[in-house]
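Notes to accompany the following structure.
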Amino acid sequence: MPIPGSGLAKGLAVTLRTMTKRAHTAQYPEVQPELPPRTRGVIGLFEENCTVCMLCARECPDWCIYIDSHKETVPAAAPGGRERSRNVLDRFAIDFSLCMYCGICIEVCPFDALFWSPEFEYAETDILELTHERDKLREWMWTVPAPPALDPAAEEPKEIAAARKALEKAEAAAAAAAAAAAETTEPTTPGTDTPTTREGDA
């Protein structure tokens, strides 16, 4: 059987311990907080990597990404080739008043055009100002932190291992070819380039 009033005594003890501790006040905005490297602050756009595939806009559960584009004809790269068409980005905007920061758009982007930035100071007095166009999203790209270093104990990626083996094989083949070429072009020893004369040939 619990002692009557033990819960109240425990609560008062916690209160007393808290009252005796010094409060830690964050002096924001004079002192900026130290945010974790994977903080979801705002989304930055690396426009050069965007191919207007529309995957981010289609997968967004809030439909807060707006993309406009047009097609341009690219002339043939070689004579006799055919012209190709490509998508050109006209507008890329994200409405952060609707965004729930799920990160699906960043995960599904196949060309690494969207990144998380830890910046969070973009409050506005007008909700319409929370729709950031591609120029503003491009500015957030410069605040994206560098990716973390790879774990030295992790396994080597298959792509890097295959490329390294191919490079080692090519270097070995080049070294063997150079050695063979050196043997064929080796100069003769002095004094042995004069033809010998056998008896009876004179």
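The values are calculated or read from the model by the stated rules, or taken from the named source; none is laboratory data. What you see is a predicted model, and the numbers here were worked out from it, not measured in a lab. Ideal geometry is used to build each Cβ from the backbone, glycine not excepted, and the neighbour counts take in all protein chains shown. Remember, those area values only see protein heavy atoms, side chains included, never the ligands or the DNA or RNA. Shrake-Rupley method; radii C 1.70, N 1.55, O 1.52, S 1.80 Å.
Between 143, 18, 51, the residue with the greatest mean-square fluctuation in the GNM of the chain (Cα pairs under 10 Å linked by springs) is 18. The distance between label points at residue 9 and residue 129 comes to 5.7 nm (points 7 Å beyond Cα on the Cα→Cβ vector). Here the simple spin-label model places points 7 Å from the Cα toward Cβ, and for residue 54 and residue 34 these points are separated by 4.7 nm. Within the set of other residues whose C-beta is less than 15 Å from the C-beta of residue 95, count the net charge using Lys and Arg as +1 and Asp and Glu as -1. So the environment of residue 95 carries a net charge of -3. Report which label in (1) 25.0; (2) 18.7; (3) 19.3 holds the value of Kirkwood radius over Cα pairs in Å derived from the coordinates of this structure. Here the calculated entry is (1). Under a cut-off of 30 Å between alpha-carbon atoms, report the lysines in cross-link reach of residue 158, not counting same-chain residues fewer than 8 places apart. Answer for residue 158, where 30 Å is the Cα cut-off: 169, listed by chain and number. Within a straight-line Cα-Cα reach of under 30 Å, residue 71 can be paired with the following lysines, leaving aside sequence neighbours fewer than 8 residues apart in one chain: 136. Within straight-line reach of residue 165, meaning a Cα separation under 13 Å, sit the following aspartates and glutamates at least 8 residues removed in sequence or on another chain: 156.
Normalised by the number of residues in the chain, what is the relative contact order in percent for Cα pairs under 8 Å and 6+ residues apart? Spell out each step's value before the answer.
Numbers: 194 pairs, mean separation 43.3, N = 202.
Taking the mean separation of contacting Cα pairs over the length of the chain, I get 21 percent.
Over the chain, accessible surface divided per residue gives 80 Å², non-protein components excluded, 1.4 Å probe.
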